[in-house]
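Written out below as structure tokens is the structure these notes cover.
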Amino acid sequence: MATIEEFKKLQLIIAQIKEVKEHPNADKLYLIKVDTGTEEKQLVAGIRKSYTKEELIGRKVAIVNNLEPAVIRGETSNGMILAASDENGIVILGVDRDVKLGSIVK
């Protein structure tokens, strides 16, 4: 089990998707540029089978903002989009009203 102190180490925030490109080396991945309110960063996300690029651009989503960078199939990911999955596929976690970029997810 994770302690509350371990959970607090994660920086969960709201970011807005600004750009989406197909990953050149993986058919299930997108390269996604997000705006966190203080910077833009690239994320690699395995949501290509569930969302079109057009469905993603402009959406506000919950991300893990302080993960160590990871190289995924030759591209660097500087965070992670939060999502849920079941037998119907993947659903990204977002907001149901407009909130400021960088807002903390609690």
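Values in this text are rule-based calculations from the coordinates and carry no lab data. This structure is a prediction, so every number in the text was calculated from the model and none was measured. A quick note on method: Cβ atoms are made from the backbone with ideal geometry, for glycine too, and the neighbour counts reach across all protein chains shown.
Here are a few things to note about the model shown:
- Volume per residue for segment 1-58 equals 119 cubic angstrom (convex hull of Cα atoms).
- Residue by residue, segment 25-35 carries 3J(HN,Hα) couplings of 10, 7, 7, 9, 10, 10, 9, 10, 9, 10, 9 Hz when phi is fed to the Karplus relation 6.51 cos²θ - 1.76 cosθ + 1.60 (θ = phi - 60°); x denotes Gly or Pro.
- Mean sequence separation of contacting Cα pairs (under 8 Å, at least six apart), scaled by the length of the chain, corresponds to a relative contact order of 30 percent.
- For the chain, calculated [θ]222 nm from helices alone, where every DSSP H run of n ≥ 4 adds -39500 (n - 2.57): -1500 deg cm²/dmol
- Listed peptides 22-30, 72-80 appear in the order 72-80, 22-30 once ranked by packing, highest mean of other Cβ atoms within 10 Å at the front.
- Taking the Cα centre of segment 15-92 as reference, the dipole from Cβ charges on Lys and Arg (+1) and Asp and Glu (-1) amounts to some 100 debye.
- Amide H contacts under 5 Å for residue 93, placed H, 5+ residues apart: 62, 82, 83, 84
- 22 Å Cα-Cα threshold exceeded, pairs from 49/100; 33/100; 53/106; 9/49; 21/100; 8/53: 49/100; 53/106; 9/49; 21/100; 8/53
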